[in-house]
Amino acid sequence: MVKWRRPGDGERRERARQDWLGALSCGRSVDGVSAYLDHASTTPLHPAAKAALLTALDDGWADPARLYREGRRARMLLDAARETVAGVLGARADEVSFCASGTAAAHLAVLGAAAGRRRAGDLVLVSAVEHSSVLHAADQHERTGGRTRQLPVDGLGRVRLDACVPPPGTALVSVQHANHEVGTVQPVAAVAAAAHAAGVPLHTDAAMTVGRIPVDLGALGADLLTASGHKFGGPAGVGILVVRSGTRWANPMPADERELGRAAGFPNLPAAVATATALHARAAELAAERHRLGALTAELRARLPELVADVEVLGDPDPAGRLPHLVAFSCLYVAGEALLGELDRAGIAVSSGSSCTSDALTPSHVLVAMGALSHGNVRVSFGRDSSPADLADLLDVLPGAVAGIRERAGAVGL
Amino acid sequence: MSAATERTRDAVTDPPMSEAQSPDGPAPDLTVDSLGRRCPLPIIDLAKRIGEVPVGGTVELLADDPAAAPDVSAWCRLRGHELLATRDFPAGQAFLVRRTG
């Protein structure tokens, strides 16, 4: 006879923690995924972040705004996390705030800079290939009476510098550090110089680059920078908002005293600590990882045209001009949805910007802005636990999958 | 929508649609009706039939998938054909393509 026993508090908490962490750490062995190649969407928790999270759950549960011992201890953890993030990004600690997500950080950066510079102008310039979080913030700015304009990009998805000169009345320029769909690195420093020459601040969405390639605020010249913890091995639910001192910024949301007045509400302290730990660990691994993953993407870019007919590899062929861990390509006459399905059945997880894979059934605005083929699109992104075996799996399956879909669509010999 | 659905049943064999043809420009040598067909099918339809017109001839593709505009343009670039004009009409868009090779 089974004897039911009510687990004790500690035991129950430990079990919940294990379940939760178990669900988070989806490596090769979980869910039957043999090759998880969507690390640009999100990546498993870094082991160092996992350890820090467990510790911070125990030590950092109290309210960091309170003055008693537990509160002070939480405060010290939060301050240390802020110092760590600031140190890696080349910022000052009081310029860094944690918020609910990378998306929330981008919203706060764009709308806060626009609000802070209302008297200087009402025009927000954003590149045509920004992440939806920046575009949605720009839409919101427009809905509340402001103006926005999109900066065009070239065929590689790189913003055209000649279009980046802000006209009078510009409140903010927002250009991502690197593109999330094709991996093209943007000329942020040059855009910042053009913006500053007109007295306009620059926001850069660095969600794709922080923890992947060196990101230094001084070198970039950005006045505002945003990033997302779960993109580089932190837990979800942490955005990083950096507002350089001297930048005019006004919280577009109701504010309180939390996070230097930039993000209201009790912060997710253990997750912020884990995020800072992940970033610190990634910074130490960066050089080796860039080299290792750069070799995988270089091989994929080289092999694709050999293995698959009528494939267009997207983004900058020059490794210096693109992210080291991401390759996007489009296969002519292939439905992206069908291709994702075929790869998924083979245990390969990738993402796509094709219209048939989007809820709105519209093609990716990035691919459209670049003039790239939008159907048959695949984004492959490698991460910390990716190996040459993952790439080999993809290269084994992809040619047959593409050929089969083309054959079923009657698109052979066209 | 029912008219468009009806038309797509024989999308590839349907006769050219007078309503979609330009009131000013010369009539295309061939019209391919891909209304109601989701990408990449309109591009496949276009690729299958462009060989029916001589080099220098024109094909008009009718499509209403939102990905058709970027994809017709990209296909022309990839295949070296020339996208001469794009026009909106009530049921979708018309793309006039010149075969160059």
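Run the quick spin-label model on B:Ala27 and A:Arg69: label points 7 Å from Cα toward the beta carbon, then report their separation in nm to one decimal.
Going by the 7 Å Cα→Cβ label model, 9.3 nm.
Quick one: what are the phi-derived ³J(HN,Hα) couplings along segment A:119-130, Karplus 6.51/-1.76/1.60 with θ = phi - 60°, whole Hz, x for glycine and proline?
Each residue's phi maps through the Karplus curve to give 6, 7, x, 10, 9, 10, 9, 10, 5, 6, 10, 5 Hz.
Please state the charge dipole magnitude for segment A:37-94, taken about the Cα centre, from unit charges on C-beta atoms (+1 on K and R, -1 on D and E), reported in debye and rounded to the nearest 20.
Numbers: 8 positive and 8 negative charges, 42 e Å.
It works out to roughly 200 debye.
Along Cα→Cβ, 7 Å out, is where each label goes; now give me the distance between the ones at A:Glu306 and A:Ala284 in nm to one decimal.
3.7 nm
Going by how many other beta carbons lie within 10 Å of each one, how would you line up B:Cys76, B:Cys39, fewest first?
Details: B:Cys76 19, B:Cys39 27.
Taking fewest neighbouring Cβ atoms as first place, the list is B:Cys76, B:Cys39.
Which ordering of A:Met370, A:Met76, A:Met253 is given by a fewest-first count of other beta-carbon atoms within 10 Å?
Details: A:Met370 28, A:Met76 13, A:Met253 16.
Ranked by crowding around the Cβ, least crowded first: A:Met76, A:Met253, A:Met370.
For segment A:286-408, what is the relative contact order in percent, using Cα pairs closer than 8 Å and at least 6 residues apart in sequence? Show your work: numbers first, answer last.
Details: 177 pairs, mean separation 34.7, N = 123.
Dividing the mean separation by the residue count of segment A:286-408 yields 28 percent.
Please check chain A for the longest run free of chymotrypsin sites (Phe, Trp or Tyr not before Pro) that are loop-located per DSSP (anything but H, G, I, E, B) and have at most 13 other Cβ atoms within 10 Å. Each step should come with its number before you reach the end.
Numbers: sites that count: A:Trp4, A:Trp61, A:Tyr68.
Counting at most 13 other Cβ atoms within 10 Å as exposed, the longest clean stretch of chain A is A:69-414.
Residues with beta-carbon under 9 Å from that of A:Arg384, excluding A:Arg384: net charge, scoring Lys, Arg +1 and Asp, Glu -1?
Values: positive: A:Arg282; negative: A:Glu285, A:Glu289, A:Asp385.
So the surrounding residues net to -2.
For segment A:47-105 and segment A:191-242, write down the distance between their C-alpha centroids in whole Å.
For segment A:47-105 versus segment A:191-242, the Cα centre distance is 19 Å.
Around B:Val32, which amide H atoms from residues at least 5 apart in sequence, or from another chain, sit under 5 Å from its own amide H, with H modelled in the peptide plane?
For B:Val32, the qualifying residues are B:Glu60, B:Leu61, B:Leu62.
Please identify the DSSP H helices in chain A that span no less than 24 Å along the helix axis (Cα) and have a mean Kyte-Doolittle hydropathy of 0.0 or more.
Values: long enough: A:69-89 (30 Å, -0.27); A:269-307 (49 Å, 0.24); A:388-408 (30 Å, 0.40).
What comes out of the filter, once short or polar helices are dropped, is A:269-307, A:388-408.
How shielded is B:28-41 by partner chains, expressed as the average number of their Cβ atoms within 10 Å of its Cβ atoms?
Mean shielding count: 3.
At a temperature of 25 °C and a viscosity of 0.890 mPa s, determine how fast chain A diffuses translationally according to Stokes-Einstein, using the Kirkwood radius over alpha-carbon pairs as Rh; express D in µm²/s, rounded to the nearest whole number.
Stokes-Einstein gives a translational diffusion coefficient of 110 µm²/s.
Under a plain spin-label model, where a point goes 7 Å from the Cα along Cα-to-Cβ, how far apart in nm are A:Val165 and A:Asp79?
Taking the simple label geometry, A:Val165 and A:Asp79 are separated by 4.8 nm.
How much length would be gained if the chain were fully extended between A:Ala51 and A:Ala392, taking 0.36 nm per residue of separation minus their Cα-Cα distance, in nm to one decimal?
Values: separation 341, 0.36 × 341 = 122.76 nm, distance 3.17 nm.
Between A:Ala51 and A:Ala392, full extension yields an extra 119.6 nm.
For segment A:52-127, state which trypsin sites (Lys or Arg not before Pro) are in a DSSP loop and have at most 16 other beta carbons lying within 10 Å of their beta carbon.
A:Arg66, A:Arg92, A:Arg118, A:Arg119
Are there any trypsin sites (Lys or Arg not before Pro) in segment A:144-176 that are in a DSSP loop and have at most 13 other Cβ atoms within 10 Å? List them by number.
Values: sites: A:Arg147, A:Arg149, A:Arg158, A:Arg160; in loops: A:Arg158, A:Arg160.
Loop-located and lightly packed - A:Arg160.
For A:Cys99, which sequence-distant residues (separation of 5 or more, or a different chain) have an amide H within less than 5 Å of its own amide H, given hydrogens modelled in the peptide plane?
Here the answer is A:Gly239, A:Ile240, A:Leu241, since their amide H atoms fall under 5 Å of that of A:Cys99.
Computed from the coordinates by the stated procedures, all read-outs in this text should not be read as laboratory data. Keep in mind that this is a model prediction, so the values were computed, not measured. A quick note on method: Cβ atoms are made from the backbone with ideal geometry, for glycine too, and the neighbour counts reach across all protein chains shown.
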